[in-house]
Amino acid sequence: MKLTIEEVAQQGVEAHRAGKLQDAERLYRAVLQSKPDFAEVHNNMGIMLQTLERLDEAAASYRKALESKPDFLQAYDNISFCYQAYIWATFIGKSKKLNSLEKTIKLEKKKLKAKLKEHPIWFVDVPRTSSKTISHMMWNQFGFPFGGRTQKLNGKLIFKTSPLLPNHTHAFIAKHLIGEKIWKDIQTFTIVRNPYEWCLSLWRYCRENENSDVTHDTFMQFIDSLELNLQANIYNRQINYKSFLQTDYLLDKDGIILVKHVLPFEDRKKIMRQFRAMGINYSSGIHINKSKNSNYKMQAFERRRVEQVFAKDFEILGY
């Protein structure tokens, strides 16, 4: 019995999930030969090619997905992650220059620099510090590129951020893209959080938003998995919020903080004063970071483990 295009596409997805990437590529290409405007398959092809570090081909696949389906939000996210992976790799000298990507990066840099001259400010958004709320608040006040992900609103696409600077971009990458002179001149800020509460919040987020995983069934398992991720050199880690300390988002390779204003999440008055000094409309909502199971009480042995794994954050951030 002959398989439908959709069934072949599903076989490609299953091969991809099983790590059989050559089979996945063959199946995806077979589908696209018969149905070249199949946006979801172009997107899946891009994810597969990005796994293989064929980033120029991956970006081209995401663009084809968007040509077929202009409001395909996942493809917008993925092309941004693709540029992030490329910029990270070129920054550390692990990727050759790809002209097809460099052209887009050059144009985006020009747009970014023009906006930062208009609004000389940049927020380094550390996960689980109300960063989503702050990004949304800044987008409402300043517009692109100070917001979160692209979204569809009343049938229209709202472009909130640059594909070069997705959510939770590290300060050293932002500085690299924006340029040292502009970075020095603008007001850069971040919000950090007590490491005890920060890692608890990260654990809750994973339990709520990811598939069930033995690495975060319990808090101690989660801390152990984080420690394992942190053992690799920062440049060799997977770009994922479970691979970094708070300070990893803020420091350069010499351990120097790149951000001018490091604001404690718990100090509402300090944040209020600093926001007003920078011309940002303060909102008390930034101090609300809701999660299920937020009443979890950390045991003494768990606190000691957090102090061990997050020693760098405790020392540098002053907690």
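The values are calculated or read from the model by the stated rules, or taken from the named source; none is laboratory data. Here the structure is a predicted model, which is why all the values come from computation and not from measurement. Cβ placement follows ideal geometry from the backbone for every residue including glycine, while neighbour counts extend to all protein chains displayed. For accessibility, only protein heavy atoms count, side chains too; no ligands or nucleic acids. Shrake-Rupley method; radii C 1.70, N 1.55, O 1.52, S 1.80 Å.
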task: Return the only residue of 300, 277 being open to solvent by 30 Å² or more (accessible area, probe 1.4 Å), among the small types (Gly, Ala, Ser), closer than 20 Å to residue 183 by Cβ and out of contact with any helix residue (DSSP H, G or I) (no Cβ under 6 Å at 6 or more places or on another chain).
output: 277
- request: Within segment 47-54, identify whether any single residue is open to solvent by 60 Å² or more (accessible area, probe 1.4 Å), of a type in the set (A, V, I, L, M, F, W, C) and under 30 Å from residue 185 (Cβ atoms), and answer yes or no.
  value: no
task: Could you tell me which of the residues 68, 61, 80 is under 22 Å from residue 238 (Cβ atoms), open to solvent by less than 70 Å² (accessible area, probe 1.4 Å), out of contact with any Gly (no Cβ under 9 Å at 6 or more places or on another chain) and of a type in the set (Gly, Ala, Ser)?
output: 80
message: Among the listed residues 171, 114, identify the single one that is more than 20 Å from the chain's Cα centre (by Cα) and over 21 Å from residue 281 (Cα atoms).
response: 114
field: Long-range neighbours under 7 Å by Cβ, at least six apart or interchain, first residue within 23 Å of residue 305 (Cα to Cα) within segment 186-198, second crowded, with 18+ Cβ neighbours inside 10 Å and of a type in the set (Asp, Glu)
entry: 195/313
- prompt: Right, residue 37: in contact with a helix residue (DSSP H, G or I) (Cβ under 6 Å, 6 or more places away or on another chain), surrounded by 15 or more Cβ atoms within 10 Å (Cβ to Cβ) and not polar (S, T, N, Q) or not?
  reply: no
- line: When restricted to 56, 71, 37, 23, the only residue in contact with a Lys or Arg (Cβ under 6 Å, 6 or more places away or on another chain) and either charged (D, E, K, R) or at pLDDT 90 or above (or both) is 71
- request: Identify the residue in segment 143-165 that is surrounded by fewer than 19 Cβ atoms within 10 Å (Cβ to Cβ) and at pLDDT 85 or above and, among all such residues, is farthest from the chain's Cα centre (by Cα).
  value: 143
query: In segment 83-97, is there at least one residue being in a helix (DSSP H, G or I) and in contact with a Pro (Cβ under 9 Å, 6 or more places away or on another chain)?
result: yes
message: Please verify whether residue 65 is more than 27 Å from residue 176 (Cβ to Cβ), in a helix (DSSP H, G or I), among the small types (Gly, Ala, Ser) and without any contact (Cβ under 8 Å) to a residue 40 or more places away in the chain, treating the condition exactly as stated.
response: yes
task: Scan 246, 274 and give me the residue that is in contact (Cβ under 8 Å) with a residue 60 or more places away in the chain and over 22 Å from residue 314 (Cα atoms).
output: 274
task: Might you let me know whether segment 109-116 holds any residue that is assigned to a helix (DSSP H, G or I), open to solvent by less than 20 Å² (accessible area, probe 1.4 Å), among the aliphatic types (A, V, I, L, M) and out of contact with any Cys (no Cβ under 6 Å at 6 or more places or on another chain)?
output: yes
field: Residues that are modelled with pLDDT of 95 or more and within 18 Å of the chain's Cα centre (by Cα), drawn from segment 194-224
entry: 198
message: Quick check on this structure: which one of 286, 316 is at pLDDT below 90 and in a helix (DSSP H, G or I)?
response: 286
query: List the pairs whose first member sits in segment 39-53 and is free of Cβ contacts under 8 Å to residues at least 40 places away in the same chain and over 15 Å from residue 76 (Cα atoms), whose second member is among the aliphatic types (A, V, I, L, M) and outside any loop (DSSP other than H, G, I, E, B), and whose Cβ atoms are under 7 Å apart, counting only residues at least 6 apart or on separate chains?
result: 48/21; 48/24; 49/58; 51/21; 52/21
Residue list for segment 226-242, restricted to those being in a helix (DSSP H, G or I), without any contact (Cβ under 8 Å) to a residue 60 or more places away in the chain and farther than 16 Å from residue 195 by Cβ: 228, 234, 236
